[in-house]
Amino acid sequence: MRIKIHREGRKILTFLFLALFVINVLLYIFCPLTQLNLFLTLVSIIFFILNLNFFRSPKRYFPEDRKDCVVAPADGKVVVVEEVRENEYFHDTRIQVSIFMNLVNVHANWTPVNGTVTRVGHQNGRYRAAWLPKSSTEN
């Protein structure tokens with residue numbers, strides 16, 4: 001089974017693999033404690049696998065035609081569905097669905113409906129904790 005990795009995670013995973021490899025080799029060379037080396041190597045492998053899991057990007061298959069269907073745009077738990085005022089593009093009231101992704105969820109987003117993208121924008125975030133109410137607007 002081949003795991004597809006999200007393109008933004010490839011550099012991070014490559015750097016992480018090389019850094020962990022160098023650290024573990026240096027430990028084996030300079031630290032004579034075999035059990036400690038074995039433990040730290042195991043911790044490094046588990047840490048790398050968790051990061052690999054974080055950046056995976058599985059292909060999604062939908063059983064029916066998506067023409068009249070809305071799918072979840074992200075893995076995770078729906079924490080809020082509420083009516084909010086959108087003042088940046090539409091300038092009216094919209095339904096906001098907030099989904100919290102924990103560390104074991106796939107951190108990739110998909111389009112929930114068929115359509116045409118008419119605007120793409122980027123806002124620098126403030127790195128608020130994801131579970132705080134203001135994180136939806138400030139992150």
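The values are calculated or read from the model by the stated rules, or taken from the named source; none is laboratory data. A quick note: this is a predicted structure, and the numbers were derived from the prediction, not measured. Ideal geometry is used to build each Cβ from the backbone, glycine not excepted, and the neighbour counts take in all protein chains shown. For the accessible areas, the whole protein counts, side chains as well, though only heavy atoms, and no ligand, DNA or RNA atoms are used. Shrake-Rupley method; radii C 1.70, N 1.55, O 1.52, S 1.80 Å.
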### Query
Any chance region 51-60 includes a residue that's in contact with a Phe, Trp or Tyr (Cβ under 8 Å, 6 or more places away or on another chain), surrounded by fewer than 12 Cβ atoms within 10 Å (Cβ to Cβ) and either on the phi < 0 side of the Ramachandran plot or outside any loop (DSSP other than H, G, I, E, B) (or both)?
yes
## Note on the structure
Flagged in region 31-50 as polar (S, T, N, Q) and surrounded by fewer than 14 Cβ atoms within 10 Å (Cβ to Cβ), in numbering order, are Thr34, Gln35
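This table checks each residue for (1) more than 13 Å from the chain's Cα centre (by Cα); (2) over 26 Å from Lys134 (Cβ atoms); (3) open to solvent by 70 Å² or more (accessible area, probe 1.4 Å).
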{"site": "Ile3", "(1), (2), (3)": "yes, yes, yes"}
{"site": "Leu13", "(1), (2), (3)": "yes, yes, no"}
{"site": "Ile29", "(1), (2), (3)": "yes, yes, yes"}
{"site": "Glu83", "(1), (2), (3)": "yes, no, yes"}
{"site": "Arg94", "(1), (2), (3)": "yes, no, yes"}
{"site": "Arg119", "(1), (2), (3)": "yes, no, yes"}
### Task
Report yes if some residue within region 63-72 is surrounded by 12 or more Cβ atoms within 10 Å (Cβ to Cβ) and either within 26 Å of Lys134 (Cβ to Cβ) or in contact with a helix residue (DSSP H, G or I) (Cβ under 8 Å, 6 or more places away or on another chain) (or both); otherwise report no.
yes
